[in-house]
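One structure is given here, and the rest of the page talks about it.
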Amino acid sequence: AGPTYEAIDPVRGITNLSSGKMGFAIARAAREAGAEVTLIAGPVHLSTPRGVARVDVKSASNMLSAATQRAQSATIFIATAAVADWRPAQAADHKIKKDGSGKTPELQFVENTDILATIAQSERAQSGALFCVGFAAESQDLLANAQAKRARKGVPLLVGNIGPATFGKDDNALLLVDAQQAVELPHASKLTLARQLIDEIAKRLTPA
């Protein structure tokens with residue numbers, strides 16, 4: 001849950017506006033439903049839901065390590081974090097200072113490893129032992145982008161939302177996309193939506 005922080009120098013970095021509230025609500029709802037929950041949280045200021053084990057991380061690389069380690073024994077992996085796609089290729093050891101010349105620093109970027117795709121392509125996920133759920137925070141064309149992302153990541157269920165409309169807020173609206181259909185979860189509190197999402201995941205894991 002939450003954003004990641006990719007350092008430029010010891011005092012600056014690149015992050016995003018994700019509050020982590022949706023992910024924390026999902027962790028709470030999963031615990032309420034009886035699951036044993038580990039919440040891997042980026043840099044956020046939120047209280048840990050009761051009964052949930054929490055692991056705090058900072059960068060995308062930190063989050064990848066924590067997620068892949070715990071995915072080895074989990075049965076469900078829900079990827080709600082807004083993970084940075086890129087990071088500076090080299091973080092400066094000291095603060096980059098202005099020198100009065102008007103020149104701006106040139107930053108080079110490298111791509112972060114895709115956490116969801118990495119775990120979804122693991123042997124456990126491919127065998128069905130690990131059920132992977134992804135999130136897509138889009139700014140437009142939600143259905144088309146969510147469908148494309150689900151196929152690209154190789155996950156059975158992709159949850160789409162409009163990121164700028166929900167970052168930092170206590171409510172949201174979700175679009176659940178699987179191989180057969182797209183189902184809207186109408187605008188409601190994030191906890192209400194989280195409980196509905198957990199119910200939807202449970203239905204998919206329960207034999208008919």
- C-alpha long axis of helix 190-205 to longest principal axis of the chain, angle in °: 60 degrees
- For the chain, give the percent of accessible area contributed by carbon and sulfur heavy atoms, probe 1.4 Å, rounded to a whole number. 49 percent
- Percent relative contact order for the chain, counting Cα pairs under 8 Å at least six residues apart, stands at 20 percent
- Message: If you consider only alpha-carbon coordinates, what radius of gyration and Dmax does the chain have, in Å?
- Response: 17.9, 69
- Considering only DSSP beta bridges whose two residues both sit in the chain, what percent are antiparallel, to the nearest 5? 50 percent
- Task: Leaving ligands, DNA and RNA out of it, work out the accessible area of THR48 with a 1.4 Å probe and give it in Å² to the nearest 10.
- Result: 60 Å²
- Item | About the Cα centre, charge dipole magnitude for the chain (Lys/Arg +1, Asp/Glu -1 at Cβ), debye | 360 debye
- Message: With a 10 Å cut-off between alpha carbons and a GNM built on the chain, which of ILE96, ILE26, ILE198 moves the most?
- Response: ILE96
- Accessible area per residue, Å², the chain with all protein chains present, probe 1.4 Å: 57 Å²
- Mean projection of the alpha-carbon convex hull of region 17-86 over all orientations, in nm²? 4.6 nm²
- Item | Reciprocal of mean inverse Cα separation for region 2-45 (Kirkwood radius, Å) | 11.8 Å
- Mind jotting down the distance between the C-alpha centroids of region 1-55 and region 171-207, whole Å? 19 Å
- For the chain, what is the calculated [θ] at 222 nm in deg cm²/dmol (nearest 500), taking -39500 (n - 2.57) for each run of four or more DSSP H residues and dividing by its residue count? -9000 deg cm²/dmol
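The values are calculated or read from the model by the stated rules, or taken from the named source; none is laboratory data. No experiment lies behind these values; they were computed from the predicted model shown. Quick reminder, even Gly has a Cβ in these numbers, built from the backbone with ideal geometry, and neighbours come from all protein chains shown. Surface accessibility is based on the protein's heavy atoms, side chains included, excluding ligands, DNA and RNA. Shrake-Rupley method; radii C 1.70, N 1.55, O 1.52, S 1.80 Å.
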